[in-house]
Amino acid sequence: MPDIDAALSKALREHPNDLVDLIIHVSGDPNTRLQALEKRNVEIRRRFRLTGAIGIRCTGRTALSLARSSWVTKIEADGPVRALGR
């Protein structure tokens with residue numbers, strides 16, 4: 001089971017049909033992981049090559065199914081990033 005915040009997990013379970021923007025961290029070959037995501041109708045928004053992460057958009061239900069994948073190591077919400085208090 002990947003590292004996932006309890007509040008995020010709860011929100012995904014409570015709203016399984018809502019679209020969510022997430023960042024998933026994966027192990028293994030990134031290209032293979034992208035293909036697996038596309039087969040699940042996951043929208044690939046961006047790749048973070050240095051961290052082995054992928055920005056995606058999918059339903060809560062799909063996100064919960066991804067959480068059961070052995071190659072997903074972490075799932076987090078994708079949102080605005082603020083630096084230096086701004």
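The values are calculated or read from the model by the stated rules, or taken from the named source; none is laboratory data. Please read these numbers as outputs of a predicted model, since none were measured by experiment. Here the Cβ positions follow ideal geometry from the backbone for every residue, glycine too, while neighbour counts run over all protein chains shown. The protein model used for the area step is the full one, side chains on, heavy atoms only, and it has no ligands, DNA or RNA in it. Shrake-Rupley method; radii C 1.70, N 1.55, O 1.52, S 1.80 Å.
Are any residues in the stretch 20-35 out of contact with any strand residue (DSSP E or B) (no Cβ under 6 Å at 6 or more places or on another chain) and either open to solvent by 60 Å² or more (accessible area, probe 1.4 Å) or under 16 Å from R61 (Cα atoms) (or both), and if so, which ones? Across the stretch 20-35, the qualifying residues are V20, D29, N31, T32, Q35.
Contact map, the stretch 1-23: first residue closer than 20 Å to R46 by Cβ and at pLDDT 95 or above, second residue charged (D, E, K, R) and surrounded by 16 or more Cβ atoms within 10 Å (Cβ to Cβ), Cβ cut-off under 6 Å, separation 6 or more or different chains; pairs are D21/D78; L22/D78; I23/D78. Checked against the criterion of being among the small types (G, A, S), under 17 Å from A7 (Cα atoms), within 12 Å of the chain's Cα centre (by Cα) and surrounded by fewer than 16 Cβ atoms within 10 Å (Cβ to Cβ), the candidates A77, A63 yield just one match: A77.
Looking only at the stretch 1-14, which residues are open to solvent by 90 Å² or more (accessible area, probe 1.4 Å) and farther than 13 Å from D78 by Cα? Correct list: M1, D3, K10, R13, E14. In this structure, G52 qualifies as open to solvent by less than 90 Å² (accessible area, probe 1.4 Å), closer than 20 Å to V81 by Cα, among the small types (G, A, S) and at pLDDT below 95.
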